[in-house]
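Novice: Structure provided below as C-alpha cells; questions to follow.
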Amino acid sequence: MATYQPWYHGNITRSKAEDLLSKAAKDGSFLIRDSESIQGAYALCVLYQNCVYTYRILPNEERKLSVQASEGVPIRFFSVLSDLVDEYYKENMGLVTHLQFPVQKEEEPEEESEPINVPPQLPPRNFTSSTSVNDTKEPHGESLKGPEPVRPSLSDTLLQRLQHLDTSNIPDDHLKSIQDYLRNLVSLDAEQVQTGNFTLPYLKQVTHGICKNLQSEISRTLPILEAFQKVLDQQMSPGIGRLRSQVSSESSLPVAVRLEQITRLLYSIEEKAKVAMYDGVGYDGGHRRSLIPPVTFEVKSDVLGISTKMYIKVDVEGGKVYFKKSKDGPEDKYYMHNKILQLVKSQKVHAKLVIILEMEKEKTSRKEFAFEDSKKREGFCQLLQQMKNKHTDKPEPDMITIFIGTWNMGNTGPPQRITSWFQSKGQGKTLDDTADHIPHDIYIIGSQEDPLGEKEWTDILKSTLRGITNISFKQVAIHTLWNIRIVVLAKPEHENRISHVFSDSVKTGIANALGNKGAVGVSFMFNDTSFGFVNSHLTSGSEKKIRRNQNYINILRFLNLGDKKLNPFDITHRFTHLFWLGDLNYRIEMPSSEAENIVAKIKQQQYQELLKEDQLSQERAAGRVFLHYEEEEITFAPTYRFERETREKYAYTKAKATGTKYNLPSWCDRVLRKSYPLAHVVCQSYGCTADIMTSDHSPVFATFEVGVTSQFVSKNDPSSVSQGGIKFMNCMAILNTKSKTKFFIECHSSCLESFVKSPEGENQEHNEGSLKVRFGSQIELTPIISDPEYLLDQHILICIKSTDCEESYGEGCVALRAAATCKADFHIVLTHHGEITGSLTGSFQLQTSEGKQTEKLYDFIQVERDDSGAPKGRNAEPFGSRSTHHMPTNISNPSYMGVGYKTGNLSEMGWSYNMPPKTSPPGSHVGKDMAQGNLSPKKTAQDLPVADDGKPPEMFDNPLYGSRTTSKGGLRPKEHLYLPEAFPASPKSCETEGDRIPPLPMPRNRSFTCSSESKPQPPTTLQLPNVGKKPVVPSRSEGGMLPGSRPPLPMKSRSGQPEPQPIKPRDYRDSSELPSKGRPPPRSGQPLPKEVHQEGVQPAKSSRPVK
C-alpha cells in the first residue's frame, strides 16, 4: 500500500517536493507524491545533478501503474507502487538515473487537542465529550493498558437528560411516548442508521402521534389561508385552486412540511397585501418589493461667496430629487432621475459634492453642495445610485451590492434583534442612517460555532432582512461543516440570474479529519460574472500561527468550487470576485504581560499601533498567506475576546488545568477579497456591531459595490462583423524551480471556445534555483465575440505548465481592457497554491469589431481633485519644477480607501497586474497599498499629467478604469500619448518596443487615438467606436489634445476653421454643454461658443461651478 511507504508523501505540493530533494542533495534521491494534474495518478520526482526530474505514474483501465519514462523503453505495468519502486532501483529503466535514496516524509509536529463540540451523530463516536481528542491518537498498545471505561448507552444517556428537564407542562400521554421511544425504540433507529437508512422511522412515528392534533388544525387552517391569499392576489390564477386541492387534502405529509406550507402562505399573504395597499394609494414606483422612505439632507450651497442653507430630499421610489430652501418648504422644484447626469465627489473636501443636472436647451447645470460630513455625502450618493438602478431601462444590472457578515456565535443562540449587523451599524467604517434601508442584492452570512439548525438559522436571517427591507429573500445556497456554516440569500428578482451554484467543505481539524475547524464555500454565476465565497474557522491559539497558515493552504488547494474546466487554477483564480470571511483566529502577537496595555490602547482607539503586531498583517506582508488579497482599513476595536453580555470588558484570561491561558484581544474575525485586474469593486463599509453580545466575538460586517456583466447580445449585423483577435507577444517567464523540463503557456477564458496551448518555450540559464523560459512564438487567440463592449470586460487566465507531467508551475490573470486602444505590456506575478512561483512578462494586442460601449451604473459617481490651494498666476512655481518624488498625490476615489496601483511598483517591462506585497511595516495595512490589479492605479505627483500651463489638470475620472481626458491639455492615458514638443520627452508610437510609458487601464466608453500624427493604424489595434459621431464642444475638463506636435494655441490666436475635437463620452464634471444630444459642429468660419473662447486664454482654475 502506497500510504505506508516511507517514500510516499501524499498530496504535498510540487515546490515542497523540490525542497525536500534539494535538502537530500544526493543523485538518485527520490520521492513519490500525488499528481496535481490527474486524479488518481502519481508523480515520481528524482534528483540528478542538482536538478529535479518528474515522471508521471499513470493507472490504466485495470488500475495497473506504469511510468512515463524515456521513449524506446518498454512500458512495464505494476499492481502496487512498492513493486514499481523496487523495479526502478535497477539501472537503464528509462529514468535520468536509477532510484537509490528514498527521501523520508518529514514528521509533522504533534498537534495539541482543542476543545471541540462534536456534532450529534449516530451511532456514538469512539470517544465521548469527557474524553480528550488526544486519547484517540494514542497507540493501540497504550489504549489497552487499563480497563476500558464503561460508556453509557445512547438510550441511558438520553433518558438521563430527560430526567433533568422540567416536564410538568408536558401531557402524560406524550411524555410516556417519548420515554418509550428513548427506552426501546432509539436503539432500533440507531441500527437503521448503521445499515445506511437515515430516515429514523420510529422517531417519525412518535412525532406523528405527538402532532396528531396539530395535523388536524393545519388541515383546518390551510384552506382559510389559501382563500385569503386568493382574495389578495391580483391575477386570479387557476393555479391557486389547484394548490388548495393538493395541499389541503394531503394530511399524510410530515407535519414539518405542512408547517412550512403555512409559513410560505403567510409570507405570500403579507407580500400580496402590501402590493394591494401600494396600488390602493396610487403608488407607481415600479419596484414594489422594497420601499425606501424619502430622506432629506441638510446641505450648504455657496452662491457668489455666500453660504446658504438648503435641503435636498431624495425620493428613491418616486425617482425624484427635490431642492428646497426650508425643510418643510414647498416641493415644486425637483429633478427626475433621468435629469441627474453625474455626481462628482471632491477629494480634498470630503463633505463636498457636485451634482450635474440636465437643463433645458441641451445645457447642463453644475450645482455644488457641502454636506454635514462625508458619511452623509456617501449616504446621499448611495441613495441616488439606488434610484438610478431602480428606474433604469437596462434589462440587466451592471452593478450590484453585496453584504458579507461573519460571526463566531460561541455556541450560543443569537439575541432577539440582530438588525444592526445587516444595517452595518456599530464601530468602524459604517453606513449612514440615511442608507440603512437600502437592500443589498446578495447577503452572505458566515457563522462559526453555530449551535442552530440550518432551517432555524435561515428563518432568523430571512425574518430579520424582511423587517429591514420589506423583501422576502430567496435562499441560494447553504452549506454546513459541523458548526461552520455559510448561507447565501438573494433578492427574488435575481433568482433567474444566479446559476451554476456549487458548495463544498474542507476539514482542517486534528489530522485534517475533524470538522471543528475548516471551511465551507459557495460559488455561483451572476449572469456572466463568477463569484466565490469562503467561510473558514482556522486553528485557535496565539502560538499556532504556522498551523493557521497551513490551514489556509489546505483550504486553497482542496476546496472544490467554480468551473471544473479551470482545473489548473485554485480558487484564487477561478472567480471574477472571491471573498474570504470567517474567524481566521490570527492574534495580536505580544507578550501576555502586555494585556492591560493592549486594553488601554483599545480604549484610546490606537488601533494602528496594535495592528503592527497583528499576525495576519505580518503574514500577508511576508507573502505567506492571502497573496494579492485586499482588506479594507480596520478602524474598529478587536472583536475577540469579550465577556459575554457586555462589550465594555475583554476576558483575556482563561483558567485551565495546565494554568492560566491568555487570549489577548485580537482581530480574529475578518473579511478579505480578491478580484480580477480592473474589475470594479468598492468597499462601502467594514466594521463590527456594538450591541450583539451573546458571544465572546462581535459580528463583523462588510459591504461591497461590485461590477457585473451579462450575457452579451451584439447590436451589429452578424454578417458585417469582423473577426476579433488577441495576440500575445514576446512572453518570457522566470520560474522558481530546479526542474529542467520544457514549458508551455495555456490560456483559459470564457471568451474562448476552449483553452489554447502555446508552443514549447526555450529554457535559458538564470539565477540559482530559478529558470528563464522565453516563448518566441506569438500566441494567437480567437474570441467568440469581437464586439469591444463585450471583449474589454474579459480576462485571460494564464498558466505555465510543464511538458513532462502537465502540472502547473504558476498562474496569473490579464485584463483585456489594458490593451483597449493600443498594444500593452504586462507583468504578472505567477502564483501556485498560495505561494509566488515566478513572473511572466510580455505584451498583447487586441483586434475588435466596430462598436461602442454603454455607460455603466458605477460611472455615475466620479471623483474630482481640488486644486484650490495650488498657486495661481504666471509667476506660480511650475508643477514640474518641484521635487515631485517628495509629493505623492492620490487620485483614486476616497471610497476605495487608497487601494490600487502605485507607479513606484511598476515594472520596467510594463504595468503589473499582480504585484507581490510591498515590504512595508506590518501595521501599515497591507491591503491598502498592495498593487494587485483589481482596483485603480495610484499615481505620484511625478506621474501626473501636466497641462500646458504647467499645472496638473483639475479633474480626474473614476480611478477604477483609468484617467479620462481632463484638462485643456487633452491628457490621454499615458501609454497612448505622443508628447508635444513642448514636453521634455521624445514622441514614441504605440508599437514601439522600447521603454514605453507603462499603460494605464482604459476607461469605459472612451474614444482615443494612438498617435497625434496621421499614421495608419495597424489592423490588430482596436478600432475606435463612432469616429464619425458629431463632435461635442468641450469644456476645460473635456478638451482633448489637438492634433499636431505643438501645444494648442489659444482659440483667439487661431486663424481659419477650428480643428475638430476628439469625441468624448459623457463626463459632465465641468461642462455646461449636454454632449448626449449630439449638437452639430460649428460651420466653417462660425465663431465657437463663448465658453471655448474663454478656455483658450484662461489658465486652469480651482473647481468652481461654470456660470
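Novice: Taking region 380-400 as the search range and keeping residues that are at pLDDT 90 or above and among the charged types (D, E, K, R), which one is most open to solvent (accessible area, probe 1.4 Å)?
Specialist: 396
Novice: Moving on. Under the condition of being out of contact with any helix residue (DSSP H, G or I) (no Cβ under 6 Å at 6 or more places or on another chain) and open to solvent by less than 10 Å² (accessible area, probe 1.4 Å), which residue from region 32-53 is farthest from residue 557 (Cα to Cα)? Walk me through it before giving the result.
Specialist: Of the residues in region 32-53, the ones out of contact with any helix residue (DSSP H, G or I) (no Cβ under 6 Å at 6 or more places or on another chain) are 32, 34-44, 46, 48-51, 53.
Checking the rest, the ones that are also open to solvent by less than 10 Å² (accessible area, probe 1.4 Å) come to 32, 41, 43-44, 46.
Values: 32: 19, 41: 17, 43: 17, 44: 20, 46: 24 Å.
Among residues in region 32-53 that are out of contact with any helix residue (DSSP H, G or I) (no Cβ under 6 Å at 6 or more places or on another chain) and open to solvent by less than 10 Å² (accessible area, probe 1.4 Å), the one farthest from residue 557 (Cα to Cα) is 46.
Novice: Can you tell me which residue is farthest from residue 443 (Cα to Cα) among those in region 564-582 that are in contact with a strand residue (DSSP E or B) (Cβ under 7 Å, 6 or more places away or on another chain) and part of a loop (DSSP other than H, G, I, E, B)? Walk me through it before giving the result.
Specialist: Initially, region 564-582 is screened for residues in contact with a strand residue (DSSP E or B) (Cβ under 7 Å, 6 or more places away or on another chain), giving 566, 568-569, 571-582.
Checking which are part of a loop (DSSP other than H, G, I, E, B) leaves us with 568-569, 571-576.
On the way: 568: 30, 569: 26, 571: 20, 572: 21, 573: 22, 574: 21, 575: 18, 576: 18 Å.
Step by step, filter region 564-582, then rank; the result is 568.
Novice: Name the pairs: first residue in region 176-187 and farther than 14 Å from residue 163 by Cα, second residue open to solvent by 60 Å² or more (accessible area, probe 1.4 Å) and in a helix (DSSP H, G or I), Cβ to Cβ under 6 Å, at least 6 apart or on different chains?
Specialist: Final answer for the pair search is 185/202.
Novice: Among the residues of region 505-522, count how many are open to solvent by 40 Å² or more (accessible area, probe 1.4 Å) and among the charged types (D, E, K, R).
Specialist: Result for region 505-522: 1.
So that you can scan it fast, the table gives a plain yes or no per residue for (1) at pLDDT 95 or above; (2) touching a Leu at 6+ places or on another chain (Cβ under 6 Å); (3) β-branched (Val, Ile, Thr):
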| site | (1), (2), (3) |
| --- | --- |
| 303 | no, no, yes |
| 307 | no, no, no |
| 318 | no, no, no |
| 321 | yes, no, yes |
| 326 | no, no, no |
| 330 | no, no, no |
| 333 | no, no, no |
| 336 | no, no, no |
| 342 | no, no, no |
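Novice: Same structure again: Find the strands (runs of 3 or more DSSP E) located wholly in region 624-685 whose residues include 1 or more that are of a type in the set (A, V, I, L, M), and list them.
Specialist: 653-656, 669-675
Novice: Does region 460-469 contain at least one residue that is surrounded by fewer than 17 Cβ atoms within 10 Å (Cβ to Cβ) and either of a type in the set (Asp, Glu) or in a loop (DSSP other than H, G, I, E, B) (or both)?
Specialist: Looking through region 460-469, none of the residues is surrounded by fewer than 17 Cβ atoms within 10 Å (Cβ to Cβ) and either of a type in the set (Asp, Glu) or in a loop (DSSP other than H, G, I, E, B) (or both).
Novice: So, one more: Please specify each residue of region 163-178 satisfying the condition of being part of a helix (DSSP H, G or I) and open to solvent by 60 Å² or more (accessible area, probe 1.4 Å).
Specialist: 163, 172, 173, 176 - these are the residues of region 163-178 that are part of a helix (DSSP H, G or I) and open to solvent by 60 Å² or more (accessible area, probe 1.4 Å).
Novice: State yes or no: is residue 26 assigned to a loop (DSSP other than H, G, I, E, B) and modelled with pLDDT of 90 or more? Before the answer, list the steps.
Specialist: Working: assigned to a loop (DSSP other than H, G, I, E, B): yes; modelled with pLDDT of 90 or more: yes.
Answer is yes for this residue.
Novice: State yes or no: is residue 854 in a strand (DSSP E or B) and either in contact with an Asp or Glu (Cβ under 8 Å, 6 or more places away or on another chain) or under 20 Å from residue 16 (Cα atoms) (or both)?
Specialist: Spelling it out, it is not the case that residue 854 is in a strand (DSSP E or B) and either in contact with an Asp or Glu (Cβ under 8 Å, 6 or more places away or on another chain) or under 20 Å from residue 16 (Cα atoms) (or both).
Novice: If only one of 793, 825 is open to solvent by 10 Å² or more (accessible area, probe 1.4 Å), of a type in the set (D, E, K, R), assigned to a loop (DSSP other than H, G, I, E, B) and farther than 26 Å from residue 624 by Cβ, which one is it?
Specialist: 793
Novice: Restricting to region 443-457, and then to whatever is in contact with a strand residue (DSSP E or B) (Cβ under 6 Å, 6 or more places away or on another chain) and within 20 Å of residue 495 (Cβ to Cβ), can you tell me which residue is most open to solvent (accessible area, probe 1.4 Å)?
Specialist: From region 443-457, those in contact with a strand residue (DSSP E or B) (Cβ under 6 Å, 6 or more places away or on another chain) are 443-450, 454; that's our starting set.
When the remaining residues are screened for being within 20 Å of residue 495 (Cβ to Cβ), the result is 443-445, 454.
Values: 443: 5, 444: 0, 445: 0, 454: 75 Å².
Among residues in region 443-457 that are in contact with a strand residue (DSSP E or B) (Cβ under 6 Å, 6 or more places away or on another chain) and within 20 Å of residue 495 (Cβ to Cβ), the one most open to solvent (accessible area, probe 1.4 Å) is 454.
This table checks each residue for (1) buried (at least 16 other Cβ atoms within 10 Å of the Cβ); (2) of a type in the set (Gly, Ala, Ser); (3) in contact (Cβ under 8 Å) with a residue 12 or more places away in the chain.
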residue: 8; (1), (2), (3): yes, no, yes
residue: 13; (1), (2), (3): yes, no, yes
residue: 17; (1), (2), (3): yes, yes, yes
residue: 68; (1), (2), (3): yes, no, yes
residue: 76; (1), (2), (3): yes, no, no
residue: 106; (1), (2), (3): no, no, yes
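Residue-by-condition table, conditions (1) under 26 Å from residue 463 (Cβ atoms); (2) open to solvent by 70 Å² or more (accessible area, probe 1.4 Å); (3) at pLDDT below 80:
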| residue | (1), (2), (3) |
| --- | --- |
| 221 | yes, no, no |
| 234 | yes, yes, yes |
| 237 | no, no, yes |
| 243 | yes, no, yes |
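Novice: Given the criterion hydrophobic (A, V, I, L, M, F, W, C), free of Cβ contacts under 8 Å to residues at least 24 places away in the same chain and either farther than 21 Å from residue 388 by Cβ or buried (at least 20 other Cβ atoms within 10 Å of the Cβ) (or both), identify the matching residue among 354, 316, 303, 299.
Specialist: On the way: 354 fails: free of Cβ contacts under 8 Å to residues at least 24 places away in the same chain; 316 fails: free of Cβ contacts under 8 Å to residues at least 24 places away in the same chain; 299 fails: free of Cβ contacts under 8 Å to residues at least 24 places away in the same chain.
After applying the criteria, what remains is 303.
Novice: Moving on. On the given criteria, is residue 530 under 18 Å from residue 708 (Cβ atoms), in a strand (DSSP E or B) and hydroxyl-bearing (Ser, Thr, Tyr)?
Specialist: Against the criterion (under 18 Å from residue 708 (Cβ atoms), in a strand (DSSP E or B) and hydroxyl-bearing (Ser, Thr, Tyr)), residue 530 qualifies.
Novice: Against the conditions (1) out of contact with any helix residue (DSSP H, G or I) (no Cβ under 7 Å at 6 or more places or on another chain); (2) over 30 Å from residue 668 (Cα atoms); (3) at pLDDT 95 or above, where does residue 683 fall short? Just the number, please.
Specialist: Unmet condition: (2).
Novice: Yes or no: region 388-399 includes at least one residue that is closer than 23 Å to residue 533 by Cα, out of contact with any helix residue (DSSP H, G or I) (no Cβ under 7 Å at 6 or more places or on another chain), of a type outside the set (Asp, Glu) and not in a helix (DSSP H, G or I).
Specialist: no
Novice: Pairs only if they're at least six apart or on different chains, beta carbon under 6 angstrom, first in region 456-477 and of a type in the set (Gly, Ala, Ser), second crowded, with 16+ Cβ neighbours inside 10 Å; list them, first residue then second.
Specialist: Close Cβ pairs satisfying both conditions: 477/488; 477/503; 477/522.
Novice: Inside region 692-714, can you point out the residues that are in a loop (DSSP other than H, G, I, E, B) and open to solvent by less than 10 Å² (accessible area, probe 1.4 Å)?
Specialist: Matches in region 692-714: 692, 695, 697, 698, 699, 708.
Novice: In region 835-845, what count of residues is obtained for those that are surrounded by 22 or more Cβ atoms within 10 Å (Cβ to Cβ) and over 17 Å from residue 677 (Cα atoms)?
Specialist: Within region 835-845, residues that are surrounded by 22 or more Cβ atoms within 10 Å (Cβ to Cβ) and over 17 Å from residue 677 (Cα atoms) number 2.
Novice: Also, I was wondering about something else. Residue 475 - would you say it is modelled with pLDDT of 95 or more, out of contact with any Phe, Trp or Tyr (no Cβ under 8 Å at 6 or more places or on another chain) and either under 23 Å from residue 292 (Cα atoms) or of a type in the set (S, T, N, Q) (or both)? I'd like the intermediate steps shown before the answer.
Specialist: Working: modelled with pLDDT of 95 or more: yes; out of contact with any Phe, Trp or Tyr (no Cβ under 8 Å at 6 or more places or on another chain): yes; either under 23 Å from residue 292 (Cα atoms) or of a type in the set (S, T, N, Q) (or both): yes.
So residue 475 passes the test.
Novice: Surrounded by 21 or more Cβ atoms within 10 Å (Cβ to Cβ), of a type in the set (Val, Ile, Thr) and in contact (Cβ under 8 Å) with a residue 24 or more places away in the chain - does that describe any residue in region 342-350?
Specialist: Looking for residues that are surrounded by 21 or more Cβ atoms within 10 Å (Cβ to Cβ), of a type in the set (Val, Ile, Thr) and in contact (Cβ under 8 Å) with a residue 24 or more places away in the chain, one finds at least one in region 342-350, hence yes.
Novice: To continue, here is another question. With respect to residue 360, determine if the residue is among the acidic types (Asp, Glu), under 30 Å from residue 505 (Cβ atoms) and open to solvent by 10 Å² or more (accessible area, probe 1.4 Å).
Specialist: Here the answer is no, as residue 360 does not meet what is asked.
Novice: Going through region 523-546 one residue at a time, which ones are more than 30 Å from residue 397 (Cα to Cα), out of contact with any strand residue (DSSP E or B) (no Cβ under 8 Å at 6 or more places or on another chain) and open to solvent by 10 Å² or more (accessible area, probe 1.4 Å)?
Specialist: 540, 543, 544, 545, 546 - these are the residues of region 523-546 that are more than 30 Å from residue 397 (Cα to Cα), out of contact with any strand residue (DSSP E or B) (no Cβ under 8 Å at 6 or more places or on another chain) and open to solvent by 10 Å² or more (accessible area, probe 1.4 Å).
The values are calculated or read from the model by the stated rules, or taken from the named source; none is laboratory data. Every value quoted in this text rests on a predicted model; they were computed, and no experiment measured them. With ideal geometry, Cβ positions are generated from the backbone for all residues, glycine too; neighbour counts draw on all protein chains shown. In case anyone asks, the SASA skips ligands and DNA or RNA and just uses the protein heavy atoms, side chains included. Shrake-Rupley method; radii C 1.70, N 1.55, O 1.52, S 1.80 Å.
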